[in-house]
1. Could you tell me which of the pairs LYS270/LYS313; LYS59/LYS198; LYS132/LYS228; LYS135/LYS191 are separated by over 22 angstrom between their Cα atoms in the structure shown?
2. Using amide H atoms built in the peptide plane, which far-off residues or other-chain residues are under 5 Å from VAL357 H to H?
3. Of the accessible area of segment 198-268, with the probe set at 1.4 angstrom, what percent is carbon plus sulfur?
4. I need the P(r) histogram for segment 168-290: all alpha carbon pairs, bin width 10 Å from 0 out to the longest distance, whole percents.
5. Using a probe radius of 1.4 Å on heavy atoms only, what accessible surface per residue do you get for segment 224-321? Whole Å² is fine.
6. Stretched out fully, how many nm does the piece from ALA282 to ASN204 gain, at 0.36 nm a residue minus the Cα gap?
7. Using mean Cβ contacts within 10 Å as the protection proxy, how do 150-163, 213-226 order, highest first?
8. Can you give me the accessible area per residue for segment 333-381, using a 1.4 Å probe, in Å²?
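The values are calculated or read from the model by the stated rules, or taken from the named source; none is laboratory data. Note that the structure is predicted; figures quoted are calculated from it, not measured. Here the Cβ positions follow ideal geometry from the backbone for every residue, glycine too, while neighbour counts run over all protein chains shown. Quick note on the areas: whole protein, heavy atoms, side chains included, nothing else; ligands and nucleic acids left out. Shrake-Rupley method; radii C 1.70, N 1.55, O 1.52, S 1.80 Å.
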Amino acid sequence: ILKKIKKKIIYKLAVYSTIKFSKSVFDNSIFSENKKLCIFFTSSTANPTHIRSELVFSKIMLKRGYRVIVVLSGNLYDSDEFLQPKEYNPKSVKIRKNQLKIAEKLVSLSPQNIICLSSLELSQSEQDILYKFSKKFKFDNIEDLINLELYGVKVHEHIYSTYCRQTLTAPLDLKDIDMKRYRILGINVIKSIIYTNKVLLSLNPDITLAVHGIYTNHGPLVDLCRIKNKSLTIWGVPYRKKTYFMTKGDTYHRSLIGIERKLWDINLTKYEESKIISYLDAKETGNRDYWSYKGLEELKSSKKISEIAKSKKIYTLFTNVMWDAQIYYNTNLFDNQIDWIKFTVDVLSQREDIHTVIRIHPAEISQSNESLKDSISELLNSTYSEKITIIDPNDSFSS
């Protein structure tokens, strides 16, 4: 009983703190200094690495003469983008007390302002839009929802990416989607678009920064900044230790696709070449990474590979976990990963001089609720059995 009372007190204090921090955000007096404005759309999960990084970034921007404002989601959304399915509770209100603790530190350590989206007041027209779309997501069929746009942002893309991340699945047919979850996520995405748009219009930032740039919180931000031609930098922490990635105008998953060939075809210095070789060598052990995916068991893959006739060329397919493969790219040649595998296997199997190896991603052990191996096995028949070797995700055989 005491624990429950303590939780309620902490929750109320968190809400109070949030409102206290953000109630004067749109007071014109905070813009009395003639400075450029930098906005951070921060992580929704109070990840310590993210928060500490943003504190460093904000200090840098302040020293460069920018005003800095940090935007939190607060309790705006009815479900968190990273919750696993077993934790999913659409009725719970999510306030991250750790995030608000850090917000207090940000305020006390630097002259930053904190905006909590959930405490902003919408205009009547914004309320009308929210009501209209909320009604649609409560009653309309999914066929009528997937083509909806708001302020030029395609709503379904952000619902679907968050759905895949929450459930760790990639439903390939609309009828397989859990509509109860989809509808709740739909309203969350609409809120994200409306409130994010309000902040961008009201503050008109010179620079906007956000972590990762996908899912409910920051996916719409990327689209809105692109539509409004606003400067946006997406940052994150990759596998490699002591490293950040930063991309302009889009999440890194998409931005790499648009790089011109001539920018890849550059001559490396001896130093750059040695750094790349060192990087590739370190991938064998993963000791310079935050984490590495490695199978847990020694299965029979080594023997299978060694038995492939020396005259055969080996073609290898490296798969992704199903949900991760589905959500990032607009320019895929195939509708889904299964179609890509089937097409490739069909083509390669016509060649007598080729043996195909399919290496299932080791992350499937812990990061997926679907078995790609089961799906692939259904595609294969006796015709392919001697021409294909599948390496299981839990096999420690080195890629």
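1. Working: LYS270/LYS313 32 Å; LYS59/LYS198 26 Å; LYS132/LYS228 24 Å; LYS135/LYS191 13 Å.
Listed pairs above 22 Å: LYS270/LYS313; LYS59/LYS198; LYS132/LYS228.
2. TYR315, THR316, LEU317, THR389
3. Details: 2020 of 3710 Å².
Carbon-and-sulfur percentage of accessible area, whole number: 55.
4. 11, 27, 30, 21, 10, 1
5. That works out to 77 Å² per residue.
6. Numbers: separation 78, 0.36 × 78 = 28.08 nm, distance 4.36 nm.
Computed gain between ALA282 and ASN204 is 23.7 nm.
7. Working: 150-163: 21.5, 213-226: 24.5.
Highest to lowest by the protection proxy: 213-226, 150-163.
8. Working: 2550 Å² over 49 residues.
So segment 333-381 comes to 52 Å² accessible per residue, rounded to a whole number.
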